[in-house]
1. Find the all-direction average of the projected area of the Cα convex hull for region 1-119, expressing the result in square nanometres with one decimal place.
2. Relative contact order for the chain using alpha-carbon pairs under 8 Å, separation at least 6, rounded to a whole percent?
3. Separation between the Lys220 and Ser309 pseudo-spin-labels, each 7 Å from Cα along Cα→Cβ, expressed in nm?
4. By how many nm would the segment from Ala368 to Glu176 grow when fully extended, if each residue of separation counts as 0.36 nm and the alpha-carbon distance is taken off?
5. Give me the percent relative contact order of region 1-92, please, defined on Cα pairs under 8 angstrom at least 6 residues apart.
6. Give Lys150/Lys243; Lys126/Lys374; Lys5/Lys243; Lys220/Lys306; Lys220/Lys374; Lys288/Lys374 a once-over and call out the pairs whose C-alpha atoms are over 24 Å from each other.
7. Take the alpha-carbon centre of region 110-126, take the same for region 1-63, and report the distance between them in whole Å.
8. So if the hydrodynamic radius of region 232-383 is defined as the Kirkwood radius over C-alpha pairs, what does Stokes-Einstein give as its diffusion coefficient at 37 °C and 0.692 mPa s, in µm² per second?
Amino acid sequence: MEAVKVPSRAEIVQHMADIVPVLRANAQWADHHRRLADEAVNAMIAAGVFRMLVPAYYGGYESDMQTLLDVAIQLGRGDGSPAFCATAMWAQTWAVAHFPDSVQDEIFADPDVRICGTLVPNGMGKITKDGVVVSGEWGFNSGAWHSQWKFLSTLAANPAGEIEPIAAVVPMSELEIIDDWDVAGLRGTGSVTTVARDLFIPRERYQWLSAVARQEYDSKRNADLPCYRGPIIGVLSALNTGKQIGMAQSAREAFLERIPLRPVHHTFYQTQAEWPVTHLQVAEADLKIDEAEYHARRLADLVDHKNFSNEPYTMRERAYCRVAVGRTTQLCYDAINIYQLASGAGGIYSSMPIQRSQRDIQVINTHALDMPIKNMELYGRVLCGLEPNTFFI
């Protein structure tokens, strides 16, 4: 298959900036209906959102982390839900790029393919001569309503008789969807639960996660491509910072647009823009957004360097990947909260984008990968010379 010409980084980012108005126009609909609007998804397809980590061989972009960061920021400026779905799907796309080339031939036949899923193992699999039979259910499948494939993890007995996780990719048509996504934030992601009942998965469509942890991947074609090198922790961490920054930037834009027109009630200030308290609030929030982007850029630089040089990560660098995500998330949470509280009672209406950003960033702060306090504790352990207390590093 002949690879298509990949747009430049500037062109890709501009395509994403161009769809920000579409994402914003559909944000309230998605929040109400608990899934992405078709118009928003179609705009993302046209902009190339889902091609970012598809191999160039199939018409994808094989983007570096700095480009992905820029793209995620633009998507986050549009709306948190489509930005979250995009970054989650990028992670699954990157994982599938390590499956056998024959599996990729099927899945990436559509370079705009959407793959939902999570890395949390659930259910049980029974290994057979030519595959595995899986039963279980998996929650938090962001973008499931618009996905053709699902990436899942489950437990199975390995050849030594030990129980360990496997990662598999299955068609969405073979799974049952439970419409249970009725939550406080990121409502538009449609992160519903999927169920498998005695589902057969052929051998080429699953991998032992112990092998993945050792970076023993099954793809021959992608084995030497920088985009697909290194441990998953670096790439997955770098993918998960930009959307928060974009959401904080969006809250800043919305806030600054209102303050020249809004009086400060029960004071003599005619506009919020002239109130000294506002000056302190916007300065604090703005610096937090800048600090969040510093960590995101530093992390993207680290992962890009490792991918292109093929140098191994130190344990401290692996731990930094985790803490950079948590720090970025915490700082953006703080910034958005400042804007939300400073917006007064008018900011609580569902038509106001700041309140949606506040709900969305609060949910992101509870995500297993993003949770600031968990990642901070891990980083501190490593700095103190202790062994990490997680396999996910």
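1. Mean shadow area of the hull around the Cα atoms is 7.1 nm².
2. 17
3. Calculated label separation equals 3.2 nm.
4. Length gained, Ala368 through Glu176: 66.7 nm.
5. Worked out over region 1-92, it gives 38 percent.
6. Going by Cα-Cα distance, Lys126/Lys374; Lys5/Lys243; Lys220/Lys374 fall outside the 24 Å limit.
7. Region 110-126 and region 1-63 have Cα centres spaced 20 Å from each other.
8. 199
We did not get these values from a lab; they are worked out from the coordinates using the rules stated. Please read these numbers as outputs of a predicted model, since none were measured by experiment. Reconstructed Cβ throughout: ideal geometry from the backbone, glycine too, with neighbour counts over all protein chains shown.
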